[in-house]
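Working notes, beginning with the structure itself.
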Amino acid sequence: LQQFTNEDSLNLDLSLLPRDPRNTGHLRLVRVELNGGEPIANREPFTARLWFTTSGRVEGVSIGLGFSTLEGTRLLTIDSDYHRERHDFPAGTSGCVELRLPELSLGPGTYGLDLGARSGETSSLDYLPGCGMVEVHPKAGVPAGFALLGGGIRAAADWRWSGPASPP
């Protein structure tokens, strides 16, 4: 795993990483930038930019980013086609896609970064599991129980309490 550090501003050159020979698609992910180079914190906005190139026409493209435990168990996946929107590109395209989460729900800790691209539902174009390690820092003011390392996903929900009210 390549580790993101302050020195490389949360940028990773993917162009020279080894690929699984079964991924023979005409699209390659070539670079990723996380959070505009700023430290990543839980319960804060998160952004990522992924650059790609095509060597042939590709249709129905979606790109995904995943956070996994260091043992490889996927905890969070962010897919560009979550709302069923996919894109077609001619050969020779160099492009970039940017994602933004209003709030990153991962607890503080160190996570593996997985990146991938596919055509349609299941046809893999490029896949880079464990291509980096990402540190998620605790947000200032987060309750201590939420800031425990290895906390996984901390999701927001609407809670409705019933029964006797607690005294003020």
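Kirkwood hydrodynamic radius computed over the chain comes to 17.3 Å, based on all pairs of distinct alpha carbons.
Based on protein heavy atoms only, region 29-147 ends up with 48 Å² per residue of surface accessible to a 1.4 Å probe. Note on the chain: with charges restricted to the Cβ of Lys and Arg (+1) and Asp and Glu (-1), its dipole about the Cα centre is near 260 debye. The order of the peptides 71-80, 106-115 by mean Cβ neighbours within 10 Å, most packed first, is 106-115, 71-80. The apolar share of the surface of the chain, taken as the fraction of accessible area on carbon and sulfur atoms (1.4 Å probe, ligands and nucleic acids excluded), comes to 52 percent. Extension gain for GLU103 to TRP159 (0.36 nm times residue separation, less C-alpha to C-alpha distance): 18.3 nm.
The values are calculated or read from the model by the stated rules, or taken from the named source; none is laboratory data. The structure displayed is predicted, hence computed values, not measured ones. Note: ideal-geometry Cβ built from the backbone for every residue, glycine included; neighbour counts use all protein chains shown. These accessible areas exclude ligands, DNA and RNA; they are computed on the full protein's heavy atoms, side chains included. Shrake-Rupley method; radii C 1.70, N 1.55, O 1.52, S 1.80 Å.
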